[in-house]
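Participant: Below is a structure I'd like to ask you about.
The values are calculated or read from the model by the stated rules, or taken from the named source; none is laboratory data. Because the structure is predicted, anything quoted here is derived from the model rather than measured. Methodologically, a virtual Cβ is constructed for each residue, glycine included, from the backbone with ideal geometry; neighbour enumeration extends over all protein chains shown. Side chains included, ligands, DNA and RNA excluded: accessible areas come from the protein's heavy atoms. Shrake-Rupley method; radii C 1.70, N 1.55, O 1.52, S 1.80 Å.
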Amino acid sequence: MMLFLLGDLSDWGYTAGAVKYYSVQDLMSGSFSARETVMTVSPWDGTGSHCTFSTPVEMAQLAVYNLSFPSMDPDTSYAYYDGTYLVDFGGASSWPALLGAYLRILKFPLTVGDTWPALDTCHTFPGERFIIGDEDVDGLLDTLYYDTSYATTTYLNGDTVEVYIYPMKIVQRLTMSGYLGDTFYCCNRFFYHYYMRFRYVRGVGMVQLNIDTLLIYNTYTLIDTLTGDTLPVPVYLVGRYVDYQLWEYVPTAVAERPAGFPKLTLNRGGLLKVEGDVSIYSHDGRLVVHLKSGGTVRLKPGIYFLRSRGRVVKVIVR
């Protein structure tokens, strides 16, 4: 058995000013690039939550930008370490699609097979309801709550750890009502079950988030308008989505180029694609290759300098 202790948030990449880039495959919206920036890291005593820490813990505030839609406001999320759990994704409305849930991603000391409740109860208890606005546009406020979910450490090797959540459960209660023939129906409840895998690397943070399956269930209540009798409809599956969302860390991202520099995409394995004429030089100044727009090259690990239109950028291939 290997034990692995956490010193502070910086051990996992949460340092003020740190920037990470991700390539994202989303079943609903297609492919896009994202940038995560650690805005601040500051002491937190639990204010605003169910918890109180006698010794303040570190909390990081992060901003996540969808680079395919630069006009959109960033998604804000929070991460902190309470001495046992590394909690991540707090308050994020769309990154990933967890509707603001704070998740206990890692439990320390790290031990393969260790299992724990995934929902961070400092911020939310299972079943605690939150108003989410008028989602069904019927003039009435709707609510959501998070159900009991579990996480397990499934892999640990050196600085890399993987965790599986099976599943993360979110329930939306909508007030929408109407008629099915002469029978009145109301109170739709949708159950979202996210089956997720996370990979974290010490010194970097999250390098992969894979929502491999999303299951959506529904139930509602039928009311006989003549007798007043009610009949809850049994929960049934309304949607099954495989390979729902995949986030992968990109060591060097397209957004690191200066204004006017051609777009670059560097995938895992060192495959570089350019959308403009680019000359690539090794760290000692030797020309490696000249790529025309749309060209690709697989680079070995190392430091490279890319030149185009009189501008130069540095690329690190790991």
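Participant: Before anything else, pin down the relative contact order of the chain: Cα pairs under 8 Å, at least 6 apart, normalised by residue count, whole percent.
Facilitator: Averaging sequence separation for qualifying contacts and normalising by length gives 11 percent for the chain.
Participant: How big is the Cα convex hull of segment 105-226 in projection, averaged over all directions, in nm²?
Facilitator: In nm², the orientation-averaged hull projection of segment 105-226 is 9.8.
Participant: Search the structure for amide H atoms under 5 Å from the amide H of residue 110, placed 1.01 Å from N in the peptide plane, and list their residues when 5 or more places away or on another chain.
Facilitator: Long-range HN contacts for residue 110: 4.
Participant: Against the empirical 2.2 N^0.38 Å scaling, what ratio does the C-alpha Rg of the chain come to?
Facilitator: Dividing the Cα radius of gyration by 2.2 N^0.38 Å gives 1.18.
Participant: When the solvent-accessible surface of protein heavy atoms is calculated with a 1.4 angstrom probe, in what order do 87, 207 fall, highest first? Spell out each step's value before the answer.
Facilitator: Working: 87 0, 207 25 Å².
Largest accessible area first, the residues go 207, 87.
Participant: Given a 1.4 angstrom probe, I'd like the percentage of the accessible area of the chain that is carbon and sulfur, rounded to a whole number.
Facilitator: On the chain, the fraction of accessible area on carbon and sulfur atoms equals 53 percent.
Participant: What is the distance, in nm, between label points placed 7 Å from the Cα along the Cα-to-Cβ direction at residue 155 and at residue 288?
Facilitator: Between residue 155 and residue 288, the label points sit 2.6 nm apart.
Participant: Additional query: Taking the Cα centre of the chain as origin, work out the dipole magnitude from +1 charges on Lys and Arg Cβ and -1 charges on Asp and Glu Cβ, in debye rounded to 20.
Facilitator: Details: 25 positive and 31 negative charges, 411 e Å.
That gives the chain a dipole magnitude of about 1980 debye.
Participant: What are the radius of gyration and Dmax of segment 1-145, computed over its Cα atoms and given in Å?
Facilitator: Over segment 1-145's Cα set, Rg and Dmax evaluate to 16.8, 56 Å.
Participant: Compute, for segment 106-205, the length of the dipole vector about the Cα centre, with Cβ point charges of +1 (Lys, Arg) and -1 (Asp, Glu) only. Units Debye, rounded to 20.
Facilitator: That gives segment 106-205 a dipole magnitude of about 460 debye.
Participant: May I ask you to list the trypsin sites (Lys or Arg not before Pro) in segment 117-194 that are in a DSSP loop and have at most 15 other Cβ atoms within 10 Å of their Cβ? Kindly include the intermediate steps, with their values, before the conclusion.
Facilitator: Values: sites: 129, 169, 173, 189; in loops: 129.
Here the trypsin sites (Lys or Arg not before Pro) that fit, given the DSSP loop and packing criteria, are 129.
Participant: Suppose all protein chains stay in the model; what accessible area per residue would a 1.4 Å probe give for the chain, in Å²?
Facilitator: 49 Å²
Participant: Would you list which lysines come within 26 Å of residue 314, measuring only between C-alpha atoms, while excluding same-chain residues fewer than 8 positions from it?
Facilitator: Once the sequence-local lysines are set aside, what remains near residue 314 is 20, 263, 273, 292, 300.
Participant: With all protein chains present and a 1.4 Å probe, how do 237, 103 order by accessible area, largest first?
Facilitator: 237, 103
Participant: Let me ask something else about it. How many nm is it between the label spots at residue 52 and residue 241, if each spot is 7 Å from the Cα in line with the beta carbon?
Facilitator: In this crude spin-label approximation the distance works out to 4.1 nm.
Participant: Now for a separate question. State to the nearest 20 debye the size of the charge dipole of segment 8-153 about its Cα centre, where the only charges are +1 on K and R beta carbons and -1 on D and E beta carbons.
Facilitator: Around 440 debye, computed over segment 8-153.
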